[in-house]
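The values are calculated or read from the model by the stated rules, or taken from the named source; none is laboratory data. None of the values given here were measured: they were computed from a predicted structure. Note that we place each Cβ from the backbone using ideal geometry, even for glycine, and neighbour counts take in every protein chain shown.
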Amino acid sequence: MAQLTNTAAFLNAPGAKLIVGPAPLPIPAHGTEVLVKNHAAALNPLDWKRQAFGIMIPSYPTILGTDFAGEIVAPSTPNLPVGTRVAGLAHGMASGNSGNSSFQNYTVVKLSAIIPLPDSISFTQGATLAGGTGTAGLAVWELLGIPRPSVSAGPRIKGNAPTLLVWGGSSGVGSMVIQLAKLSGVENIVVTASKKHHERLRKLGASVVVDYAEPTSVEEVVAAIEGAGEAPLYVVDPISSGKSAAPVVEVLKKVEATGTKAKVATTLPWPAGLEIPEGIEPKMVGSEKLWGENQELAAWLFGEALPVWLAEGKIVPANPRVIDGGLEGIQKGLEELKRGVSGEKLVVEL
């Protein structure tokens with residue numbers, strides 16, 4: 001391998017601003033990892049929260065970032081030769097090793113967390129994929145128990161298909177939940193989002209879209225759920241804040257009165273002090289499980305299903321918005337994420 005030099009955006013202390021500087025070149029483990037030259041890295045809400053609060057950071061300085069896209073530098077494998085365009089989910093948060101994080105020019109990644117990109121998907125689009133699709137896949141197939149579809153033959157649902165409620169469908173995870181559920185055979189997908197996102201979410205597969213800012217939003221959602229008859233209700237709350245969980249509870253109380261039971265998946269712990277109807281236990285999903293107990297799901301979703309679905313247009317990446325400045329621009333992007341971003345994914349190009 002020719003001499004390579006690495007640069008990264010370092011976090012030197014809890015709450016500190018990122019500082020860009022030289023970094024060691026990470027070395028992939030033989031047979032299980034590859035080294036990727038990053039061309040784009042996406043920013044996630046968890047990144048600013050880890051920066052601010054030190055979440056899952058064993059020591060400093062450290063490097064943040066999980067979502068990326070680029071090309072394989074080494075080693076060459078039969079299915080992923082050097083030069084292959086890929087996206088993926090960097091596992092530094094789980095390993096505690098900064099060489100496995102994405103806010104740098106080169107990242108070491110597990111083979112099971114690599115998505116080969118079709119030519120129709122740019123690096124900037126590709127960088128938005130892994131975290132959102134991985135978390136959505138865990139929610140839809142593992143926590144809610146909807147059968148995984150066949151990549152080529154389609155849905156495997158038998159019997160009474162569920163109604164799915166996604167409270168916050170314009171988020172990166174929410175938009176992927178809609179698409180994966182649709183591919184899995186769920187027909188009645190009820191989604192809440194601000195009005196400007198309604199048309200896009202219908203195109204992704206939502207059957208009913210409700211403006212959560214309207215005072216009648218809970219009643220509209222309940223009407224859409226009850227319109228499906230006695231179908232079981234599955235709920236995904238990608239936002240998982242008090243503002244999203246409280247109306248979800250109101251919906252659950254109203255549909256429970258009709259005898260409908262529900263399963264609930266969240267991306268953060270259930271808000272303290274917020275009661276939920278008896279018998280419903282919210283389950284939290286996190287992409288870190290894709291590096292551990294759910295590596296088989298990751299390998300199937302990233303290595304087999306997504307390349308096909310992306311090439312066929314069955315999965316549409318989140319809307320990327322490029323933050324100028326490369327690694328230097330990440331700090332600005334994290335500050336914007338903290339203020340709130342809706343319906344798009346912030347990306348830096350490297």
With the checklist (1) surrounded by fewer than 22 Cβ atoms within 10 Å (Cβ to Cβ); (2) within 29 Å of Ser171 (Cα to Cα); (3) out of contact with any His (no Cβ under 8 Å at 6 or more places or on another chain) in hand, flag the one item Asp67 doesn't pass. (1)
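Name the residues in the range 30-56 that are aliphatic (A, V, I, L, M) and at pLDDT below 95, would you? Give the steps one after another, and end with the answer.
Restricting attention to the range 30-56, the residues satisfying the condition of being aliphatic (A, V, I, L, M) are 34-36, 40-43, 46, 52, 55-56.
Selection gives Leu46, Ile55, Met56.
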Of the residues Ser120, Ser98, which is in the same structural domain as Glu312 (by TED's automatic domain parsing), at pLDDT 95 or above and surrounded by fewer than 17 Cβ atoms within 10 Å (Cβ to Cβ)? Ser120
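Restricting attention to the range 293-338, and to residues there that are in a loop (DSSP other than H, G, I, E, B) and over 16 Å from the mean Cα position of the chain (by Cα), which single residue is farthest from Pro155 (Cα to Cα)?
First, pick out the residues of the range 293-338 that are in a loop (DSSP other than H, G, I, E, B): 293-294, 312-319, 323-325.
Among the residues that remain, those that are also over 16 Å from the mean Cα position of the chain (by Cα) are: 293, 312-314, 323-325.
Details: Glu293: 24, Glu312: 16, Gly313: 17, Lys314: 13, Ile323: 38, Asp324: 41, Gly325: 43 Å.
Ranking the candidates gives Gly325 first.
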Could you go through the range 264-274 and let me know if any residue there is assigned by TED's automatic domain parsing to the domain that holds Thr163 and modelled with pLDDT under 85. no
State the number of residues belonging to the range 12-23 that are in contact with a helix residue (DSSP H, G or I) (Cβ under 7 Å, 6 or more places away or on another chain) and in contact (Cβ under 8 Å) with a residue 60 or more places away in the chain. 3
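Can you find a residue in the range 188-204 that is among the hydroxyl-bearing types (Ser, Thr, Tyr), over 23 Å from Gly132 (Cβ atoms) and touching a strand residue (DSSP E or B) at 6+ places or on another chain (Cβ under 7 Å)?
So the first thing to find is which residues in the range 188-204 are among the hydroxyl-bearing types (Ser, Thr, Tyr), and the list is 192, 194.
From what is left, the residues that are over 23 Å from Gly132 (Cβ atoms) are none.
For the range 188-204, residues among the hydroxyl-bearing types (Ser, Thr, Tyr), over 23 Å from Gly132 (Cβ atoms) and touching a strand residue (DSSP E or B) at 6+ places or on another chain (Cβ under 7 Å): absent.
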For the range 65-75, indicate whether the set of residues that are part of a loop (DSSP other than H, G, I, E, B) and touching a Pro at 6+ places or on another chain (Cβ under 8 Å) is non-empty. yes
All but one of (1) surrounded by 22 or more Cβ atoms within 10 Å (Cβ to Cβ); (2) within 27 Å of Leu346 (Cα to Cα); (3) aliphatic (A, V, I, L, M) hold for Leu144; which doesn't? (2)
Over the range 295-320, the set of residues closer than 30 Å to Leu18 by Cβ and either in contact with a strand residue (DSSP E or B) (Cβ under 6 Å, 6 or more places away or on another chain) or modelled with pLDDT under 95 (or both) is Gln295, Ala298, Phe302, Leu306, Ala318, Asn319, Pro320
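Can you tell me which residues in the range 232-262 are of a type in the set (Asp, Glu), in a helix (DSSP H, G or I) and under 30 Å from Leu46 (Cβ atoms)? Talk me through it step by step, then tell me what you get.
First pass over the range 232-262, keeping only residues of a type in the set (Asp, Glu): 237, 250, 256.
Remaining after also requiring in a helix (DSSP H, G or I): 250, 256.
Glu250, the sole residue that qualifies.
Is it the case that Ala193 is surrounded by fewer than 18 Cβ atoms within 10 Å (Cβ to Cβ) and either more than 17 Å from Pro247 (Cα to Cα) or not β-branched (Val, Ile, Thr) (or both)? So that I can check it myself, show each step before the final result.
Working: surrounded by fewer than 18 Cβ atoms within 10 Å (Cβ to Cβ): no; either more than 17 Å from Pro247 (Cα to Cα) or not β-branched (Val, Ile, Thr) (or both): yes.
Criteria not met by Ala193.
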Of everything in the range 236-251, what is at pLDDT 95 or above and in contact with a strand residue (DSSP E or B) (Cβ under 6 Å, 6 or more places away or on another chain)? Give them in sequence order. Val236, Asp237, Val248
Matching option when the condition is within 30 Å of Ser241 (Cβ to Cβ), assigned by TED's automatic domain parsing to the domain that holds Ser120 and part of a strand (DSSP E or B), among Gly15, Gly88, Gly21: Gly88
